1. So the check is Cβ under 6 Å with 6+ separation or different chains; which pairs have a first residue in segment 49-69 that's under 15 Å from Gly264 (Cβ atoms) and a second one that's of a type outside the set (A, V, I, L, M, F, W, C)?
2. Would you tally the residues in segment 60-94 being open to solvent by 80 Å² or more (accessible area, probe 1.4 Å) and farther than 19 Å from Pro34 by Cα?
3. Looking at (1) surrounded by 14 or more Cβ atoms within 10 Å (Cβ to Cβ); (2) in contact with a Gly (Cβ under 9 Å, 6 or more places away or on another chain); (3) within 24 Å of Val249 (Cα to Cα), can you tell me which one Phe199 breaks?
4. Go through segment 1-19 and count every residue that is open to solvent by less than 90 Å² (accessible area, probe 1.4 Å), in contact with a helix residue (DSSP H, G or I) (Cβ under 6 Å, 6 or more places away or on another chain) and not in a loop (DSSP other than H, G, I, E, B).
5. Give segment 218-251 a look and list any residue that's touching a residue at least 40 places away in the same chain (Cβ under 8 Å), over 25 Å from Ile169 (Cα atoms) and aliphatic (A, V, I, L, M), or say none.
6. Say whether the condition of being in contact (Cβ under 8 Å) with a residue 12 or more places away in the chain, assigned to a helix (DSSP H, G or I) and open to solvent by 10 Å² or more (accessible area, probe 1.4 Å) is met by at least one residue in segment 27-34.
7. Hey, can you tell me all the residues within segment 225-260 that are touching a Phe, Trp or Tyr at 6+ places or on another chain (Cβ under 8 Å), of a type in the set (Val, Ile, Thr) and open to solvent by 30 Å² or more (accessible area, probe 1.4 Å)?
8. Using the structure shown, decide if Phe199 is in a loop (DSSP other than H, G, I, E, B) and on the phi < 0 side of the Ramachandran plot.
Amino acid sequence: MNTKILNGKKISLKILKTLKKKVKLEIYNYHRPPGLAIILIGNKPESLLYISNKKKAGNFVGFYIQYYIFNISISEDKVLKKIQELNKNINIDGIIIQLPIPKHLNILTIFRHISPKKDVECFHPYNIGLSYLKNSSFRSCTPRGIITLLEHYQINIKGFNALIISSSITVGRPMFLELLHKGCTITIAHKFTKNILKFTKISDLIIIAIGKPNFLLGQWIKKGAIIIDVGINYLKNKKIVGDVHYKTVSLKTSYITPVPGGIGPMTVAALLQNTFEAFQKQKKKLKKIF
């Protein structure tokens, strides 16, 4: 089958170039760039790579980037103190915590301490609640990036049978809402799902993010399915692969995302879009004051 590649790297670059022009204009008019604070706890190679990509993209569009690396044994109080400082910093519009974080830290407590107005990854309970009403200030980054990519290629998914193989707070759960708003019929599969092939074989759209290299096989899917691979896995030979067995799956798909170069860049672009939107809201607030 003639599979079309959903080139996230190419589309994300278009988004970043557009953002760069907007940021340049805002700096001229407003005399400061949008600000993004990134907090990393520990030094996992994957996390360091993700952070590096976010910094590189942020610097490209002209953002002010504040970067904090904490020891893996840092206390929760110290993390919360830093978040409170950033909440009060008028030059910071967005705050992100690179996941995963050490188990001794309460992830919900940390998310609750980030100001909802600076919660550019949409993890604060307040923003999550509003997203159910399609009224949140921000959209979760990876799902936003996926929908943006599908829209760019003019893929209408209304009425699709969609399967999400993930139940995570970063992909699975917020992706469910994005697809629901788009008119899909949605199934979420997870580690307790029995006979997953029952679902993969009837799905028009499959989004997978489970961290298992080459998990989804070509014989599991229907002909013409659209496959979105969010997984990023590092093999012993240092090769990066997704959760999809690309060689066999791509023979049957109508559209597929590559790894790398698919959803990763789109997630970063969505993060910067959210941060720019937070900046614009902050700008309007200050104009009202003065």
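The values are calculated or read from the model by the stated rules, or taken from the named source; none is laboratory data. A quick note: this is a predicted structure, and the numbers were derived from the prediction, not measured. Using ideal geometry, Cβ is built from the backbone for each residue, glycine included, and neighbour counts are taken over all protein chains shown. Ligands, DNA and RNA are excluded from the accessible area calculation, which covers all protein heavy atoms including side chains. Shrake-Rupley method; radii C 1.70, N 1.55, O 1.52, S 1.80 Å.
1. Ile51/Gln98
2. So the answer is 7.
3. Tallying (1) surrounded by 14 or more Cβ atoms within 10 Å (Cβ to Cβ); (2) in contact with a Gly (Cβ under 9 Å, 6 or more places away or on another chain); (3) within 24 Å of Val249 (Cα to Cα), Phe199 fails exactly one: (2).
4. Step one: list which residues in segment 1-19 are open to solvent by less than 90 Å² (accessible area, probe 1.4 Å), which gives 3, 5-8, 11-13, 15-16, 18-19.
Filter once more, so that each one left must be in contact with a helix residue (DSSP H, G or I) (Cβ under 6 Å, 6 or more places away or on another chain): 6, 8, 11-12, 15-16, 19.
Still in the running and not in a loop (DSSP other than H, G, I, E, B): 8, 11-12, 15-16, 19.
Residues in segment 1-19 being open to solvent by less than 90 Å² (accessible area, probe 1.4 Å), in contact with a helix residue (DSSP H, G or I) (Cβ under 6 Å, 6 or more places away or on another chain) and not in a loop (DSSP other than H, G, I, E, B): 6 in total.
5. Leu251
6. Filtering segment 27-34 down to residues in contact (Cβ under 8 Å) with a residue 12 or more places away in the chain leaves 27, 30, 32-34.
In the following step, the residues that additionally are assigned to a helix (DSSP H, G or I) were identified as 27, 30.
The next check asks that each one be open to solvent by 10 Å² or more (accessible area, probe 1.4 Å); those that pass are 27, 30.
Yes, there is a match, as at least one residue in segment 27-34 is in contact (Cβ under 8 Å) with a residue 12 or more places away in the chain, assigned to a helix (DSSP H, G or I) and open to solvent by 10 Å² or more (accessible area, probe 1.4 Å).
7. Ile240, Val259, listed by residue number.
8. So Phe199 fails the test.
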